[in-house]
Amino acid sequence: MLELKDICFTRNQKKILDHISLKLDYDKFYVITGPNGSGKSTLAKIIMGIEMPDSGQIIWDGVDITNKKIHERAALGIGFAFQQPVCFKGITVHDLLNIASEKKLSKKEACDILSKVGLCALEYIDREINKSLSGGELKRIEIASILARNPKLAIFDEPEAGIDLWSFQNLNQVFKQIQASSSGITLVISHQERILQIADSIILMENGQIQKMDTKENMMASIFQETKCCKEGKVCE
């Protein structure tokens, strides 16, 4: 289980996260959504250790990891896919999947993973991960590396960003498979309705705070009602 206790984070004198407390259980698929600038991506980075909170605690499987570094959290089974994937000059796609899985994958095993994210495996397996790849290709390869690692907690920061509609439809199928088969925790930052529809629970963030957290069914009804009211200029009760 992941537990966040009273997490606060300020940057340039602006409060980004304001007393966040949250519990995430195994065998659950969570989606964090909310307006731009509400602190969603920052919260994901805090969990991974890319950013450190000003105060509060992060408890992972009963262990306080608040001050642990990224590689220490990765060793404990936490994985992270960036909104903007990074390039690794000199490393092939096959190399990256081997590193992620911490074992030497056969070409068939690596190709099976790439196929899950909509890549024609034989065209990519030996390609170098550099700027010759498009942003969408890099995004899918990074997601493939998370699948290869099979972490206990998988964090995806806006996985739909920078990919075309066909790729997004394929990606949605990947998340459906994860939701159906994973016994770990999946945490996705997204605005996309199709991804929200997969969730077991949806977390709504606004102004650095968690406004609501509930089942997909209750949250979707609430979010769409609020959106309708805003469009019509009404105040929802």
Restricting attention to segment 114-125, which residues are small (G, A, S) and either farther than 20 Å from K176 by Cβ or in contact (Cβ under 8 Å) with a residue 24 or more places away in the chain (or both)? G118, A121
Over segment 16-31, the set of residues in contact with a helix residue (DSSP H, G or I) (Cβ under 7 Å, 6 or more places away or on another chain) and of a type outside the set (F, W, Y) is I16, L17, I20, V31
Taking S106 and the conditions (1) at pLDDT below 90; (2) more than 23 Å from F80 (Cβ to Cβ); (3) not acidic (D, E), which numbered condition does it fall short on, given that it satisfies the others? (1)
Among (1) at pLDDT below 95; (2) surrounded by fewer than 15 Cβ atoms within 10 Å (Cβ to Cβ), where does S101 come up short? (2)
Going through segment 1-36 one residue at a time, which ones are surrounded by fewer than 14 Cβ atoms within 10 Å (Cβ to Cβ) and either more than 18 Å from L187 (Cα to Cα) or of a type in the set (K, R) (or both)? D6, R11, N12, Q13, K14, K23
What number of residues within segment 178-193 satisfy the criterion of being over 18 Å from D25 (Cβ atoms) and under 15 Å from the mean Cα position of the chain (by Cα)? 4
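The values are calculated or read from the model by the stated rules, or taken from the named source; none is laboratory data. The model shown is predicted, which means the values in this text are computed figures rather than measured ones. No Cβ is skipped: glycine too gets one built from the backbone with ideal geometry, and neighbour counts run over all protein chains shown.
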